[in-house]
Amino acid sequence: MNKGSGAYNIGGGHTITIQQLAENIIRITKSKSALIYDKNVSGDAGHTVADTRKARCDLGWKPAISFNQGQENYKQWLQQGVA
């Protein structure tokens, strides 16, 4: 495969739980939503993390902002009506 071709995983290189994701969304949107917990769905992965080594090696890519800042930027982008 040629350099710069194929699929690339893009991520921050660390795990985030669904709970952390939900809590962060609630925080940045100032939502009054409550989290509801249920049983795990059969077949769901216990955890995942993007292996970004290929993107780093082939493209020189590395995360430039934190997960929290990325979510904040996304919220602002949505508020601008771009979506």
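Tell me, which residue of segment 34-54 that is more than 16 Å from the chain's Cα centre (by Cα) and touching a residue at least 12 places away in the same chain (Cβ under 8 Å) is nearest to GLY12 (Cα to Cα)?
Among residues in segment 34-54 that are more than 16 Å from the chain's Cα centre (by Cα) and touching a residue at least 12 places away in the same chain (Cβ under 8 Å), the one nearest to GLY12 (Cα to Cα) is LYS54.
For segment 20-38, which residues satisfy the criterion of being over 18 Å from LYS75 (Cα atoms) and out of contact with any helix residue (DSSP H, G or I) (no Cβ under 7 Å at 6 or more places or on another chain)?
If we filter segment 20-38 for residues that are over 18 Å from LYS75 (Cα atoms), which is where we start, we get 34-38.
ALA34, ILE36, TYR37, ASP38 - these are the residues of segment 20-38 that are over 18 Å from LYS75 (Cα atoms) and out of contact with any helix residue (DSSP H, G or I) (no Cβ under 7 Å at 6 or more places or on another chain).
Keeping to segment 3-33, report how many residues are over 12 Å from LYS54 (Cα atoms) and either among the acidic types (Asp, Glu) or over 14 Å from the mean Cα position of the chain (by Cα) (or both).
9
Pull out all pairs, ordered by first then second residue, where Cβ-Cβ is under 9 Å, the residues are six or more apart or on different chains, the first lies in segment 66-79 and is under 14 Å from GLN20 (Cα atoms), and the second is exposed (fewer than 11 other Cβ atoms within 10 Å of the Cβ) and of a type in the set (Lys, Arg).
Hits for this filter: zero, empty list.
When you scan segment 28-65, how many residues do you find that are touching a Phe, Trp or Tyr at 6+ places or on another chain (Cβ under 7 Å) and of a type in the set (D, E, K, R)?
1
Of the conditions (1) outside any loop (DSSP other than H, G, I, E, B); (2) touching a Lys or Arg at 6+ places or on another chain (Cβ under 7 Å), LYS62 fails just one. Which one is it?
With respect to (1) outside any loop (DSSP other than H, G, I, E, B); (2) touching a Lys or Arg at 6+ places or on another chain (Cβ under 7 Å), LYS62 is out only on (1).
Please list, ordered by first then second residue, the pairs with beta carbon atoms under 6 Å, 6 or more apart or interchain, first in segment 1-28 and in a loop (DSSP other than H, G, I, E, B), second exposed (fewer than 10 other Cβ atoms within 10 Å of the Cβ).
That search, which allows pairs on different chains as well, returns THR15/HIS47.
Out of (1) out of contact with any helix residue (DSSP H, G or I) (no Cβ under 9 Å at 6 or more places or on another chain); (2) modelled with pLDDT of 90 or more, what's the single condition that is false for HIS47?
Condition (2) is where HIS47 drops out.
For segment 33-83, name all the residues that are of a type in the set (Asp, Glu) and surrounded by 10 or more Cβ atoms within 10 Å (Cβ to Cβ).
Narrowing segment 33-83 to residues of a type in the set (Asp, Glu): 38, 44, 51, 58, 72.
ASP51, ASP58, GLU72 - these are the residues of segment 33-83 that are of a type in the set (Asp, Glu) and surrounded by 10 or more Cβ atoms within 10 Å (Cβ to Cβ).
Which one of these does ILE18 not meet: (1) in contact with an Asp or Glu (Cβ under 9 Å, 6 or more places away or on another chain); (2) loosely packed, with under 12 Cβ neighbours inside 10 Å?
Result: ILE18 passes all but (1).
The values are calculated or read from the model by the stated rules, or taken from the named source; none is laboratory data. In this text, all values refer to a predicted model and were calculated from it rather than measured experimentally. Neighbour counts run over all protein chains shown; Cβ positions are idealised from the backbone, glycine included.
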